[in-house]
1. Looking only at the stretch 14-66, count how many residues are touching a Phe, Trp or Tyr at 6+ places or on another chain (Cβ under 6 Å) and among the basic types (Lys, Arg).
2. Quick check on the stretch 8-22. Is at least one of its residues surrounded by 12 or more Cβ atoms within 10 Å (Cβ to Cβ), assigned to a loop (DSSP other than H, G, I, E, B) and free of Cβ contacts under 8 Å to residues at least 40 places away in the same chain?
3. How about the stretch 23-66: which of its residues are assigned to a loop (DSSP other than H, G, I, E, B), open to solvent by less than 80 Å² (accessible area, probe 1.4 Å) and not polar (S, T, N, Q)?
Amino acid sequence: MAEFSAGDKVTIQKPPHIFEGVIIMPGAPAEISKVNDDGTVDLLYYDREMMPHTMPSVKASEISTAGRA
């Protein structure tokens, strides 16, 4: 499992899903805003209108580093 830290650019690898009324597709770019003690991360995702959304408690297996998608 990769070590992540706040500020890392990643891509979301979860199947298509809706979060806060926004459809999130696999491969969508995001930034890690916080690494939690339980091994999950909080992601900062910007939608098409550049509105920020913080996705809490995302598992490390559901993201990959931006360069390795």
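The values are calculated or read from the model by the stated rules, or taken from the named source; none is laboratory data. All values derive from a computational prediction rather than experimental measurement. Here the Cβ is made from the backbone with ideal geometry for all residues, glycine too, and neighbour counts use every protein chain on show. Side chains are part of the model used for accessible areas, which takes the heavy atoms of the whole protein and leaves out ligands, DNA and RNA. Shrake-Rupley method; radii C 1.70, N 1.55, O 1.52, S 1.80 Å.
1. 0
2. The answer is no; no qualifying residue exists.
3. Listed by number, the residues that qualify are PRO26, GLY27, ALA28, GLY39, ASP47, ALA66.
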